[in-house]
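Below: the structure, in structure tokens.
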Amino acid sequence: MHSDYRFVLEVRTLDGAVLHREALSPDWEPAVEATRLAALRTGGVWPHTGSTTPRLEPVWHAAAGEPFVQAVRVHTECEGREWVTDIPTSRYFNGTARSVVAAQLAAGRIHAEDRVRYAVAAYAVSEQGHGAPPLRFVTTDRPQTLSVRDRRLAELRDLSLLCGEVDPADLGVVLPEEVLDEICRLTRDAGDRETGGILLGHLCRDGRVGDIGLEVTAHVPARHTVGDAVKLTFTSDTWTDVRAAVALRRADELLVGWWHSHPAAAWCRQCPSERQRVCQLSTGFLSSDDQALHRVMFPEAYTQALVVTNSIVGLETKLFGWREGVLQPRGFHLRRARIPGSLARDSVRPLASALGAACAEEPHALPDAIALSSQ
Amino acid sequence: MSVTAIADHGFEVSDVTGQKVLSVSNVPDDVTVSDLVQGLVGRMRLPSNDAAGRPMSYHARLDREGRHLQGTERVRESLQPGDRLVLQPNVDAGSSRRSDGQV
């Protein structure tokens, strides 16, 4: 990633006094991956970031002006064409800002009752600093072709329940009920311990609508892990096992994400049941470790993280995906199977029933869901 | 097999997903697997630290032999032209604590 700017986080009081400034060493990889996915969705191309270095520039804040930044603009090239994406900085640096504020709180420089805000500023770099020491060997990028299948997205979502919060800008995700059902069973069988697995699937392009969707086709239970009630370690042997499973399946599947369980019933066992029912730990979330794992293993913007929470109220499923370089909760389509007493169906929060006239009036209902209701 | 072969003809390194692949060549005689991995992590834009700022542990898996290479092994002695190494980390999920910045 090339940038002629250095970025600084400023923490200020509400009346504008600067409390703290901190130089940022941003991880721009998620922003670059967001640009690659945008190029794939809109142009059908998958920029290889090894052949041309992505370039980054600040988008100055509309109200505050330079040096304050409201977004960063990522430029990447592919097949002679430039692809550009603006990544809002307010969300991109939210986690960093929270960490900085927490550190200032711990150091006593701000107090719990203080209200602060943060801004990101960019300053031109007058001379390039020293980068990483040169490698003692030669490396050459070997761009990999991203497999994308031709498939009608409406067909993909046929007989599906729309679940969770849906953002129209998100890549559509279809998850088969039988896959989620097995995940839920493994979660329940694991009891008080965290467990997990890797999601496999395909990217699908619908030439008719000119967009991409993600179809999860299977999951590989994570073996050779080390787990307890609060931690699950995916080891090198876990990844060896997963790669072997993918090779054995010979279905040209991508590693499209992962899932893991939160045994909230075990975490909260000492609390009264009334508190457990409303406890935040009983709702799906990604911890900082979870987010870091996703960043390490699944930086591509089409990848997903599924959390299955096993609490006093039962199993709850929540899906997270990259949105403008930040992991956010998101909706998905649960493609139904004929499984009586499905754990999967009980674990999701359908946004709208796929059957019934109410679906047509649901503001987030997708055209294919409306069509289904008339059948 | 000539020990100069690996220095000239090279091998490949990929991440677990297979989406990031590099060819590596002209490896000096004294470069160890640890040196190699350390250099490639940055080159492949893989995080070098975990969420707590601790160095991440990447293993170099040589599928041809079905084993992880030791960090002290010399690259030119352990690899053959055309080999593929896969960098596979030990990585943690979890923590029951829902602190600031969590999604």
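Those helices (runs of 4 or more DSSP H) of region A:231-289 in which 1 or more residues are in contact (Cβ under 8 Å) with a residue 40 or more places away in the chain, within 11 Å of another protein chain (Cβ to nearest Cβ) and closer than 21 Å to A:Val308 by Cα occupy A:236-249, A:264-267.
Among residues belonging to region B:25-55 that are assigned to a loop (DSSP other than H, G, I, E, B), of a type in the set (A, V, I, L, M, F, W, C) and buried (at least 18 other Cβ atoms within 10 Å of the Cβ), point out the one that is farthest from the chain's Cα centre (by Cα).
That would be B:Ala51.
For region A:290-325, residues that are in a loop (DSSP other than H, G, I, E, B) and at positive phi total 2.
Based on this model, can you work out whether A:Val84 counts as in contact with a Lys or Arg (Cβ under 8 Å, 6 or more places away or on another chain), farther than 26 Å from A:Thr139 by Cβ and in a strand (DSSP E or B)? For A:Val84, the condition - in contact with a Lys or Arg (Cβ under 8 Å, 6 or more places away or on another chain), farther than 26 Å from A:Thr139 by Cβ and in a strand (DSSP E or B) - is met.
Facing chain B (nearest Cβ under 9 Å), within 10 Å of the chain's Cα centre (by Cα) and not polar (S, T, N, Q), is that true of A:Pro299?
Taking the combined requirement at face value, the residue satisfies it.
Is there a residue being of a type outside the set (Val, Ile, Thr) and in contact (Cβ under 8 Å) with a residue 60 or more places away in the chain anywhere in region A:214-225? Yes - at least one qualifying residue is present in region A:214-225. Among the residues of region A:311-324, those that are farther than 19 Å from A:His219 by Cα and either over 8 Å from the mean Cα position of the chain (by Cα) or not assigned by TED's automatic domain parsing to the domain that holds A:Ser287 (or both) comprise A:Ser311, A:Ile312, A:Val313, A:Gly314, A:Glu324. Of the set (1) surrounded by 17 or more Cβ atoms within 10 Å (Cβ to Cβ); (2) among the small types (Gly, Ala, Ser); (3) modelled with pLDDT of 95 or more; (4) farther than 20 Å from A:Ala264 by Cβ, all apply to A:Gly196 but (4). Listed by first and then second residue, the pairs with beta-carbon distance under 6 Å, at least 6 apart or on different chains, first residue in region A:16-42 and over 29 Å from A:Glu77 (Cβ atoms), second charged (D, E, K, R), are A:Val18/A:Glu10; A:Val18/A:Arg12; A:Arg21/A:Glu10. Under the condition of being touching a helix residue (DSSP H, G or I) at 6+ places or on another chain (Cβ under 9 Å) and either in a loop (DSSP other than H, G, I, E, B) or modelled with pLDDT of 75 or more (or both), the residues counted in region A:339-354 number 6.
The values are calculated or read from the model by the stated rules, or taken from the named source; none is laboratory data. Model, not experiment: these values are computed from the prediction. Cβ: placed from backbone, ideal geometry, glycine included. Neighbour counts: every protein chain shown.
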